Amino acid sequence: MGVDFHLKFYAPNRAKAERIAKAVYERVEHLNSIFSDYETNSELNRLCRAPVGRPVRVSAELFDVVSRSQELAIQTRGAFDITSGPSVRFWRKVRKQGKMLSLDELREAQARVGFRKVKLNSGQRSVTLTTANIKLDLGGIAKGYVVDEAMRILKAGNIRRAFVAASGDMLASEPPLGKPGWKVEVRNVDKFGNIYARTIYLSNLALSTSGDTEQYVEIDGSRFSHIVDPRTGVGLTSRIQVTVISASSTLSDSHATALCVLGKEQGLQFAESKKLQVLVMEMAGVTPRVTTSRHWKGW
């Protein structure tokens, strides 16, 4: 899915470590063949090529991820939307070429976006796309799902002390012996507005960070993120970074993305309603600022 994938774990011997690692990476490769929007023949892209209005029976994994995505789309009123693929691809082209493309092209892309264009049938485990040329993009949830699956296999192999990471999505089980947790650094701001790395010791929890502070393009003085607001089709300009700590990587990954789109105020309101541990870093002003949700216990 276009990111590096890392495992760290403790095993009683090298033979078992290699056997477990092989099983984990085989599962990761299989899930990549389902979720990737880069692989032409992935199950996701085959679904996108299905005739309009025809129910397509999909794998349990794809149905699970699409179902969770649709639920979050409803909860956030479209701030999280896996149908935003056409707009995401538009901004990928903008970043690659370093210049704005035709707004007519953006409007055409945005006309194909809308989570209500996807219909699910849990009894048949099928997905129906009701509009032509829909491009589903699972970039805001699939990595987290894969991280959770990797940890599931590790635990099934009786590996109890492990750390799994896919880009900004991380999940830890029991900590290394003698340690309070797996060491993770998260950007924080001191009282003078200086950014520094603060340590979190992660144990039996997931952490995901999403934001528009690193991947972006500047056009005529405006800075557009790789994260696209599905409701407008425009790359974010808010310059915020959101960190979410939760019980599962699927949840932390998807919610970090959704909260970036919602923005600080609405995002924190949503976090409070879900009792989420959230840290929001704002970079747009003169002095960077950090705000945490009431349930944040990260430090």
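Please treat every number below as a calculation from the coordinates, not as lab data. Because the structure is a prediction, the values reported are computed rather than measured. For neighbour counting, all protein chains shown are included, and Cβ atoms are generated from backbone atoms with ideal geometry for every residue, glycine included.
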Quiz item: Hey, which of these cross-link pairs are over 30 Å Cα-Cα: LYS8/LYS135; LYS96/LYS297; LYS16/LYS183; LYS22/LYS96; LYS117/LYS143?
Solution: LYS8/LYS135; LYS96/LYS297; LYS22/LYS96
Quiz prompt | Whole-percent pair-distance distribution, where bins are 5 Å wide, for the alpha carbons of the stretch 243-299 | solution = 4, 21, 32, 26, 12, 4, 1
Quiz prompt | By average C-beta atoms within 10 angstrom, highest first, the peptides 271-283, 30-42, 80-92 | solution = 80-92, 271-283, 30-42
Self-check item: Among TYR196, ALA271, VAL24 - extreme Cα towards positive end, dipole of the chain, charges at beta-carbon
Solution: VAL24
Quiz item: Please state the Cα pair-distance histogram of the stretch 50-129 with 10 angstrom bins from zero: what percent is in each bin?
Solution: 18, 40, 29, 12, 1
Quiz item: To two decimal places, what compactness ratio does the stretch 158-299 give when its Cα radius of gyration is scaled by 2.2 N^0.38 Å?
Solution: 1.08
Self-check item: Charge dipole (debye, nearest 20) of the stretch 175-292; +1 at Cβ of Lys and Arg, -1 at Cβ of Asp and Glu
Solution: 420
Practice problem: Give the long-range amide H neighbours of VAL56: residues separated by 5 or more places, or on another chain, with amide H under 5 Å away, using H modelled in the peptide plane at 1.01 Å from N. | Solution: VAL127, THR128
Quiz item: Taking a quarter of the surface of the Cα convex hull of the stretch 9-61, what do you get in nm²?
Solution: 4.9
Quiz item: Where the centre of each part is set by its Cα atoms, how far does the stretch 222-299 sit from the stretch 90-154, in angstrom?
Solution: 20
Exercise. Report the Stokes-Einstein translational diffusion coefficient (µm² s⁻¹, integer) for the stretch 75-203, Rh taken as the Kirkwood radius over Cα pairs, at 25 °C with viscosity 0.890 mPa s.
Key: 132
Self-check item: Answer label, with Rg and Dmax of the Cα atoms in Å calculated from the coordinates and candidates (1) 18.2, 57; (2) 19.5, 59; (3) 23.5, 85
Solution: (2)
Quiz item: Which value, in debye to the nearest 20, describes the size of the charge dipole of the stretch 50-129 about its Cα centre when Lys and Arg Cβ atoms bear +1, Asp and Glu Cβ atoms bear -1, and nothing else is charged?
Solution: 200
Quiz item: Each residue of the stretch 167-178 in order: what ³J(HN,Hα) in whole Hz does its phi give by Karplus 6.51 cos²θ - 1.76 cosθ + 1.60, θ = phi - 60°, with x for Gly and Pro?
Solution: 6, x, 10, 9, 9, 10, 9, 5, x, x, 4, x
